[in-house]
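Each remark here refers to the structure printed beneath this line.
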Amino acid sequence: DAATDEILRVDPDDGTILARGSTGERPRGIALDEASGRLYVANTETANVSVLSLFDLTPIATVEVGLAPLAVAVTPTQSQVYVANSLADEMSVIDSLSTTVAATVPAGRKPWDVVVSGNGELVYVAASASGQIMVFGVDQLLGGAE
(Lines give C-alpha, C1' and ligand atoms only; values in the text may rest on other atoms or scores of the structure.)
Protein backbone atom coordinates (compact mmCIF):
# COMPACT_ATOMS: atom_id res chain seq x y z
CA ASP A 1 0.00 0.00 0.00
CA ALA A 2 1.93 3.02 -1.28
CA ALA A 3 -0.44 5.41 0.49
CA THR A 4 0.32 4.02 3.97
CA ASP A 5 3.87 2.67 3.34
CA GLU A 6 2.84 -0.86 4.27
CA ILE A 7 2.67 -4.37 2.90
CA LEU A 8 -0.63 -6.09 3.60
CA ARG A 9 -1.32 -9.81 3.77
CA VAL A 10 -4.91 -10.26 2.67
CA ASP A 11 -7.14 -13.32 2.87
CA PRO A 12 -7.89 -14.16 -0.79
CA ASP A 13 -11.34 -15.47 0.05
CA ASP A 14 -12.87 -12.54 1.89
CA GLY A 15 -10.35 -9.67 1.65
CA THR A 16 -9.68 -9.53 5.40
CA ILE A 17 -6.32 -7.99 6.28
CA LEU A 18 -4.36 -10.72 8.11
CA ALA A 19 -1.08 -8.86 8.72
CA ARG A 20 0.58 -5.50 8.12
CA GLY A 21 4.27 -4.77 7.67
CA SER A 22 5.96 -1.38 7.60
CA THR A 23 8.14 -0.44 4.63
CA GLY A 24 9.99 2.64 3.47
CA GLU A 25 8.19 5.39 1.58
CA ARG A 26 6.29 4.48 -1.59
CA PRO A 27 6.73 0.71 -1.74
CA ARG A 28 6.71 -0.38 -5.38
CA GLY A 29 8.14 -3.72 -6.40
CA ILE A 30 8.09 -6.84 -4.23
CA ALA A 31 9.75 -10.24 -4.50
CA LEU A 32 9.28 -13.37 -2.44
CA ASP A 33 12.06 -15.71 -1.43
CA GLU A 34 10.10 -18.69 -0.15
CA ALA A 35 13.28 -20.68 0.55
CA SER A 36 14.51 -18.14 3.12
CA GLY A 37 11.07 -16.95 4.24
CA ARG A 38 11.79 -13.36 3.22
CA LEU A 39 9.93 -10.66 1.36
CA TYR A 40 11.88 -7.87 -0.39
CA VAL A 41 10.19 -4.51 -1.03
CA ALA A 42 11.64 -1.72 -3.21
CA ASN A 43 10.86 1.64 -1.59
CA THR A 44 10.96 4.35 -4.26
CA GLU A 45 11.08 7.51 -2.14
CA THR A 46 13.54 6.31 0.52
CA ALA A 47 15.97 4.61 -1.91
CA ASN A 48 16.08 1.37 0.03
CA VAL A 49 14.78 -2.16 0.17
CA SER A 50 12.82 -3.45 3.16
CA VAL A 51 13.48 -7.06 4.08
CA LEU A 52 10.55 -8.56 5.97
CA SER A 53 9.68 -11.97 7.36
CA LEU A 54 7.36 -13.65 4.91
CA PHE A 55 5.49 -15.28 7.79
CA ASP A 56 4.49 -12.29 9.94
CA LEU A 57 5.83 -9.26 7.99
CA THR A 58 8.17 -8.20 10.80
CA PRO A 59 11.27 -6.25 9.69
CA ILE A 60 14.55 -8.10 9.25
CA ALA A 61 16.70 -5.40 7.61
CA THR A 62 16.72 -2.26 5.48
CA VAL A 63 19.24 -2.10 2.65
CA GLU A 64 20.23 1.25 1.12
CA VAL A 65 20.30 1.15 -2.70
CA GLY A 66 20.29 3.70 -5.57
CA LEU A 67 17.73 6.41 -6.28
CA ALA A 68 14.13 5.40 -7.00
CA PRO A 69 14.19 1.63 -6.81
CA LEU A 70 11.17 0.36 -8.73
CA ALA A 71 11.57 -3.38 -9.08
CA VAL A 72 13.17 -6.26 -7.23
CA ALA A 73 13.83 -9.91 -8.15
CA VAL A 74 15.30 -12.84 -6.24
CA THR A 75 17.44 -15.79 -7.24
CA PRO A 76 17.44 -18.09 -4.21
CA THR A 77 19.92 -20.50 -5.82
CA GLN A 78 22.61 -17.81 -5.74
CA SER A 79 21.51 -15.90 -2.59
CA GLN A 80 21.15 -12.68 -4.54
CA VAL A 81 18.50 -9.99 -4.85
CA TYR A 82 18.48 -7.57 -7.80
CA VAL A 83 17.07 -4.05 -7.61
CA ALA A 84 16.37 -1.73 -10.57
CA ASN A 85 17.23 1.82 -9.43
CA SER A 86 15.44 4.00 -11.97
CA LEU A 87 16.88 7.46 -11.27
CA ALA A 88 20.40 6.12 -10.68
CA ASP A 89 20.54 4.22 -14.01
CA GLU A 90 21.90 1.18 -12.19
CA MET A 91 21.09 -2.15 -10.61
CA SER A 92 22.03 -3.02 -7.05
CA VAL A 93 22.96 -6.62 -6.27
CA ILE A 94 22.15 -7.51 -2.67
CA ASP A 95 23.73 -10.49 -0.94
CA SER A 96 20.68 -11.98 0.73
CA LEU A 97 22.72 -13.75 3.41
CA SER A 98 24.36 -10.57 4.74
CA THR A 99 21.63 -8.15 3.53
CA THR A 100 24.28 -5.81 2.11
CA VAL A 101 24.89 -4.45 -1.38
CA ALA A 102 27.50 -6.72 -2.99
CA ALA A 103 27.70 -4.84 -6.31
CA THR A 104 26.27 -1.95 -8.29
CA VAL A 105 26.23 -2.17 -12.08
CA PRO A 106 25.13 0.20 -14.87
CA ALA A 107 21.70 -0.85 -16.15
CA GLY A 108 20.79 1.54 -18.98
CA ARG A 109 18.79 4.73 -18.68
CA LYS A 110 15.89 4.49 -16.23
CA PRO A 111 15.80 0.76 -15.46
CA TRP A 112 12.17 -0.03 -14.83
CA ASP A 113 11.97 -3.75 -14.21
CA VAL A 114 14.20 -6.72 -13.37
CA VAL A 115 13.52 -10.44 -13.84
CA VAL A 116 15.57 -13.57 -13.14
CA SER A 117 15.43 -16.42 -15.66
CA GLY A 118 13.73 -19.66 -14.66
CA ASN A 119 17.05 -21.47 -14.23
CA GLY A 120 18.45 -18.57 -12.17
CA GLU A 121 21.44 -18.03 -14.48
CA LEU A 122 20.43 -14.77 -16.18
CA VAL A 123 19.12 -11.40 -14.99
CA TYR A 124 17.12 -9.22 -17.40
CA VAL A 125 16.76 -5.48 -16.83
CA ALA A 126 14.35 -3.34 -18.88
CA ALA A 127 15.73 0.17 -19.27
CA SER A 128 12.77 2.33 -20.34
CA ALA A 129 14.51 5.56 -21.41
CA SER A 130 17.20 3.82 -23.46
CA GLY A 131 14.83 1.21 -24.94
CA GLN A 132 17.11 -1.66 -23.93
CA ILE A 133 16.78 -5.06 -22.37
CA MET A 134 20.08 -5.69 -20.66
CA VAL A 135 21.10 -9.27 -19.92
CA PHE A 136 23.55 -10.16 -17.17
CA GLY A 137 24.95 -13.56 -16.31
CA VAL A 138 24.62 -14.27 -12.60
CA ASP A 139 28.25 -15.41 -12.60
CA GLN A 140 29.22 -12.01 -14.05
CA LEU A 141 27.37 -10.25 -11.23
CA LEU A 142 28.89 -12.54 -8.61
CA GLY A 143 32.26 -11.14 -9.67
CA GLY A 144 31.24 -7.93 -7.85
CA ALA A 145 31.51 -5.34 -10.62
CA GLU A 146 31.28 -2.02 -8.80
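The values are calculated or read from the model by the stated rules, or taken from the named source; none is laboratory data. Keep in mind it's a predicted model, so treat the numbers as computed, not measured. Neighbour counts run over all protein chains shown; Cβ positions are idealised from the backbone, glycine included. Each accessible area value is taken on the protein alone, full model and side chains, heavy atoms only, with ligands, DNA and RNA left out. Shrake-Rupley method; radii C 1.70, N 1.55, O 1.52, S 1.80 Å.
Using 1/(1 + (r/R0)^6) with R0 = 30 angstrom and r between the beta carbons of A3 and N119, what's the FRET efficiency to the nearest 0.05? Rounded to the nearest 0.05, the efficiency is 0.20. For the pair region 111-125 and region 1-72, the centres of their Cα atoms are 19 angstrom apart. Labels on offer are (i) 30, 16, 13; (ii) 25, 17, 14; (iii) 80, 13, 12, and the one holding semi-axes √(5λ) of the Cα gyration tensor in Å computed from this structure is (ii). Per residue, the solvent-accessible area of the chain (1.4 Å probe, heavy atoms of protein chains only, all protein chains present) comes to 49 Å².
Using a probe of 1.4 Å on the protein chains alone, the accessible area found for L67 is around 100 Å².
Ligands, DNA and RNA excluded, the heavy atoms of T23 present near 30 Å² of accessible surface to a 1.4 Å solvent probe.
Subtracting the Cα-Cα distance of R20 and R109 from their residue separation scaled by 0.36 nm leaves 28.6 nm. A simple count of charges around A61, restricted to other residues whose Cβ falls under 14 Å of its Cβ and scoring Lys, Arg +1 and Asp, Glu -1, yields -2. Considered as an equivalent ellipsoid built on the Cα gyration tensor, region 45-103 has semi-axes of 18, 14, 9 Å, the largest given first. Computed about its Cα centre, the charge dipole of region 29-146 is approximately 200 debye, with only Lys, Arg, Asp and Glu carrying charge at their Cβ.
Using C-alpha pairs below 8 Å separated by at least 6 residues, the relative contact order for the chain is 13 percent. Largest accessible area first, the residues Y40, Y124 order themselves as Y124, Y40 under a 1.4 Å probe with ligands, DNA and RNA left out. Mean sequence separation of contacting Cα pairs (under 8 Å, at least six apart), scaled by the length of region 62-136, corresponds to a relative contact order of 24 percent. Here the accessible area of region 1-79 is 49 percent carbon and sulfur, with a 1.4 angstrom probe and all protein chains present. If amide H atoms are built 1.01 Å from N in the plane of the peptide, which residues on other chains or at least 5 residues away come under 5 Å of the amide H of G24? Residues meeting the criterion, in which the H sits 1.01 Å from N, are S50. Ranked by solvent-accessible area (1.4 Å probe, protein heavy atoms only, all chains present), the residues R28, R9, R38 order from largest to smallest as R28, R9, R38.
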